[in-house]
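Below is one structure; the comments refer to it alone.
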Amino acid sequence: MTEKQTKNKNKKTYDVSKIVDKAVMIGTLLITFAIIILLALNLPIIAYRTEANNLITTQNISVLKYFKVWQPMVQQEGTLIKVEPNDSEALNLKEDLEDERDDGLALNQLVEGQYTVLFMGMDESGKLADVNWVFQFDLFAGTMNILQIPRDCYMPDYANSSTNKFNSIYETGQEQGVTPIQRTVNAIQESFGLVIDCYVKLNCTDIANIIDSIGGVPISLPEKIIYEADKVLPAGEQVLNGKQSEWFIRFRREYDEGDIGRVKAQRIFLAAAMQKLIGMNQKELMSAMREIYNNKWIATDLSLEQISMLADFAAERLTLDGVNVFMVPGEGATDYDQSVYSIHKSAAIDIINEYFRPYQNEMYYDESTIVELVPEGEYLATTYDDTQENLDDINNGDTDAGRQNIYSRDD
């Protein structure tokens, strides 16, 4: 090897060595920078205010934790006043429950093993709660029960005295000194013995946007729907977009049973929507939820972290045959020439005790504030006491909601 070749070889070796040294230095700097960022994100540097039971507390949390517990849509309605989680006496928990029960989800639920969400759909004015569903997740059993509360339920101790209907409690209910959502939750808890962990509220005008954010809902309609002359939904298999979903959910004009007919029809939509959501992966769900949050289409005290946990639970453990839906038992009645829905108190309490209090002792008749307009023993022949249906059966058309003709017209 010549002297020139030796010099060139040494130069190349030196150049490679310099490149390697620079790469190591840059890599070290990047790693150090990444560690600094991670440390900064995990340092408790944000003063986070929370309000519960009228008490405001402040704690320092990290940036990462902030985005997990952030409740961007809570400002509209505020947080709920609650008892202490797992307070055996206040919640009337069963005595034989294991002390160290852990359902594996840090949802801060009031009763370990269950999580109960109040869903409210408001009318065009945003003042009347026309759709009221209570979703209760049984986290140990991997199931969910849903209670539909008809908007016309006769509730004279809570509702506006001019109507006595449940849907007026939110805006003009009798209890003062609390938020509208708290007033509604109190009425549900005291009447039906349901412990509410959180709420989700939306206006009917935002239904279309939310459905479009998940790409529509595949559904099989048992009958043709004529919402208006130029707003027609044919019978059979189809994918409802946002506007079409709104028409179907709100339609009731030609149902034989009026608003109860609409409640039954909404079960069909609920089954189809649940099927769509269960089939979505977490990335798709969270993408849709971010769009919903960014556009403020809902009001809720659920944090992003809680939504993510519930989405995981639904995707991993929940199936349609594990979801049952009930309606508050009762019958149509008249109160001062106004149509209302008179609750059958004993039947309602029986449903609550059997299906909605898995970890609590039974609620007694005198513990409920339900008032019957039609007293027991004078019920009409047409009542709604046996209303349980399974969402999988509804989706397959194997139930009354899935298969019956619920219309008064022939076409």
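Close contacts from region 354-368, counting a first residue that is in the same structural domain as Ser191 (by TED's automatic domain parsing) and a second that is assigned to a strand (DSSP E or B) and charged (D, E, K, R), with Cβ to Cβ under 7 Å and a gap of 6+ residues or different chains, come to Pro358/Asp138.
Report, by residue number, each residue of region 146-179 that is in a loop (DSSP other than H, G, I, E, B) and either among the charged types (D, E, K, R) or not assigned by TED's automatic domain parsing to the domain that holds Asp335 (or both). Across region 146-179, the qualifying residues are Arg151, Asp152, Asp157, Glu175. Any residue at all in region 198-209 that is of a type in the set (Gly, Ala, Ser) and in contact with a Phe, Trp or Tyr (Cβ under 8 Å, 6 or more places away or on another chain)? Scanning region 198-209, I find no residue that is of a type in the set (Gly, Ala, Ser) and in contact with a Phe, Trp or Tyr (Cβ under 8 Å, 6 or more places away or on another chain), so the answer is no. Of all positions in region 166-187, at least one carries a residue that is closer than 22 Å to Ile351 by Cα and surrounded by fewer than 22 Cβ atoms within 10 Å (Cβ to Cβ).
Can you name the residue in region 228-252 that is among the basic types (Lys, Arg) and surrounded by 14 or more Cβ atoms within 10 Å (Cβ to Cβ) and, of all such residues, is farthest from Thr387 (Cα to Cα)? Checked region 228-252; the qualifying residue farthest from Thr387 (Cα to Cα) is Lys243. For region 290-306, filtering for residues that are of a type in the set (A, V, I, L, M, F, W, C) and surrounded by fewer than 19 Cβ atoms within 10 Å (Cβ to Cβ) leaves 2.
Cβ-Cβ contacts under 9 Å between residues 6 or more apart (or on different chains), taken from a first residue in region 280-295 that is in the same structural domain as Pro218 (by TED's automatic domain parsing) and farther than 17 Å from Ala208 by Cα to a second residue that is of a type in the set (D, E, K, R) and in a helix (DSSP H, G or I), are listed as Gln282/Asp312. Among the residues examined, Val232 qualifies as out of contact with any helix residue (DSSP H, G or I) (no Cβ under 6 Å at 6 or more places or on another chain), farther than 30 Å from Ile351 by Cα and not in a helix (DSSP H, G or I). Against the list (1) over 24 Å from Gln182 (Cβ atoms); (2) not in a helix (DSSP H, G or I), the condition Tyr341 fails is (1). The set of residues in region 244-262 that are in a helix (DSSP H, G or I) and either over 17 Å from the mean Cα position of the chain (by Cα) or not assigned by TED's automatic domain parsing to the domain that holds Tyr384 (or both) comprises Gln244, Ser245, Glu246, Trp247, Phe248, Arg250, Asp259, Ile260, Gly261, Arg262.
Taken as a whole, the condition of being in the same structural domain as Leu97 (by TED's automatic domain parsing), within 29 Å of Ala273 (Cβ to Cβ) and at pLDDT 80 or above applies to Tyr384.
Evaluation of Gly121 against the conditions (1) at pLDDT 90 or above; (2) part of a loop (DSSP other than H, G, I, E, B) shows that the sole unmet condition is (2).
The values are calculated or read from the model by the stated rules, or taken from the named source; none is laboratory data. In this text the structure is predicted, and so the values were computed from the model without any measurement. Virtual Cβ from ideal backbone geometry, glycine too; neighbours counted across all protein chains shown.
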